[in-house]
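The values are calculated or read from the model by the stated rules, or taken from the named source; none is laboratory data. On a predicted model such as this, the values are computed, not experimentally measured, just so you know. Every residue, glycine as well, gets a Cβ built from its backbone with ideal geometry; the counts of neighbours run over all protein chains shown.
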Amino acid sequence: MAELFCFRCGPSSQDRAEFCERCGAPLSFSRAPEKTLRPADLRGRGVWRYSPFLPEVEPLTLGEGRTPLIPAPRLAELLGVEILLKLEGLNPTGSFKDRGAAVMVAVLRKKGAKKLCDDSSGNAGASLSAYAARAGIPARIFVPAYASGPKLRQIEAYGAELVRVPGPRPAATAALLGELEKNPDLVYASHNHSPYFLAGLRTLAYEIAEDLRFQEVDHVVVPVGGGALYLGLFYGFSELLRLGWVKKMPRIHAVQAAACAPIVRAHLAGEEEVEEVELGETVAEGVRIPKPARGAEILWALRSCGGEALAVTEEEIMEAQRELARKEGVYVEPTSALSLAGLLRLRVQGIIREGERVILPLTGSGLKSAKP
């Protein structure tokens, strides 16, 4: 049965698929397949292979998903753990956001959306622009003016209208909300709020599990800004556990830049809500979000799976980016390097132990970086 749900209040029957009418939290989506479903029942490849878990819509695709999961032997030898890299930068627009955009835009197309908009530091905007173009729906993307040049050029290449907004990241959101009030044809296709975007990101967990033939995963180390990827992995592995396809829930760890770490601050303080933090400068622009819309949900998921939250320095981020390129031949944007920076810290702290299996989702291609 397909349904929307709130992590606090449970299933929701409301028509407006965005926020819970009882507590105001962003809603999530779960189709909850019957336990009779088996991996052998899945068909096709990529994101839409997992259609039994997704909204019932006509697939919209650019070939997203089925990204390589490769070993990192030199880093593994150095750290004494098994490391597997999930190369999400090989999705069609160069980031993991394509998983969510494919599903979200397919749903909005079915609902008859006339024009889409979103606020983004780059990757989500590029992804939405590509899938909107594929669906034949115009798009308008509000971005902070400091966003990476390659990402902005990519958005414009897909034909989307690019609105550069001076000031910090929240200024782009404010500009978008002002435009929504004036234009009733605009639909806010929010990668941070949409339950359908989050549904598409669950496929990363399904794919990792299939890649490993459903063997155990001990840890997943995830960059967190808005937190949709973190929650997609949490809900995806939880669903696999419910179905009995995996026997163990991995510990999913959240890594943020020390310059902007609201989840880390709230988690370490034992709080259930996330307060806005001062917006510092970081090369990891994809996680530069001072108050994630799904902050309380991330804290709940983090504690439910025994994950840790940690903040890493700019030096650690850049060193991890270099190590991935020079030791494993994988060039990622700085935001992606948070995964390895987090692993290094967790290994030193003894939270990740010798011989354990660790998955690092590498969220975006280094070709999208503003600087080499």
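Within the stretch 345-366, the set of residues being among the aliphatic types (A, V, I, L, M) and out of contact with any helix residue (DSSP H, G or I) (no Cβ under 7 Å at 6 or more places or on another chain) comprises 346, 348, 351.
Run down 299, 362 and say which single residue is outside the structural domain of residue 151 (by TED's automatic domain parsing), in contact with a strand residue (DSSP E or B) (Cβ under 9 Å, 6 or more places away or on another chain) and within 18 Å of residue 217 (Cα to Cα).
362
Pull up the stretch 16-48, narrow it to residues that are part of a loop (DSSP other than H, G, I, E, B) and within 16 Å of residue 107 (Cβ to Cβ), then point me to the one that is nearest to the chain's Cα centre (by Cα). So that I can check it myself, show each step before the final result.
Of the stretch 16-48, the ones part of a loop (DSSP other than H, G, I, E, B) are 16-18, 20-25, 27, 31-38, 42-46.
The next check asks that each one be within 16 Å of residue 107 (Cβ to Cβ); those that pass are 16-18, 27, 31.
Values: 16: 23, 17: 19, 18: 17, 27: 16, 31: 19 Å.
Per the stated criteria, the residue is 27.
A Cβ distance below 9 Å, combined with a sequence gap of six or more or placement on separate chains, defines the contacts here; from the stretch 270-295, residues that are on the phi > 0 side of the Ramachandran plot reach no residue that is surrounded by fewer than 23 Cβ atoms within 10 Å (Cβ to Cβ) and at pLDDT 95 or above.
Checking the condition outside any helix (DSSP H, G or I) and over 21 Å from the mean Cα position of the chain (by Cα), which residue from 76, 147, 113 passes? Before you say what the answer is, go through the steps one by one.
Details: 76 fails: outside any helix (DSSP H, G or I); 147 fails: over 21 Å from the mean Cα position of the chain (by Cα).
Residue meeting the stated conditions: 113.
Quick one: in the stretch 344-365, which of the residues that are under 18 Å from the mean Cα position of the chain (by Cα) and closer than 21 Å to residue 258 by Cα is surrounded by the fewest Cβ atoms within 10 Å (Cβ to Cβ)? Among them, the one singled out is 361.
Mind listing just one residue for me: the one in the stretch 200-231 that is part of a helix (DSSP H, G or I) and touching a Ser or Thr at 6+ places or on another chain (Cβ under 8 Å) and, of those, farthest from residue 298 (Cα to Cα)? It would help to see each step written out before you state the result.
Of the residues in the stretch 200-231, the ones part of a helix (DSSP H, G or I) are 200-201, 203-211, 228-231.
Imposing the further condition that a residue be touching a Ser or Thr at 6+ places or on another chain (Cβ under 8 Å) reduces the set to 207, 229, 231.
On the way: 207: 21, 229: 10, 231: 7 Å.
Only one residue tops the list, namely 207.
Scanning the stretch 191-212 for residues that are among the acidic types (Asp, Glu) and either surrounded by 24 or more Cβ atoms within 10 Å (Cβ to Cβ) or without any contact (Cβ under 8 Å) to a residue 12 or more places away in the chain (or both) yields nothing.
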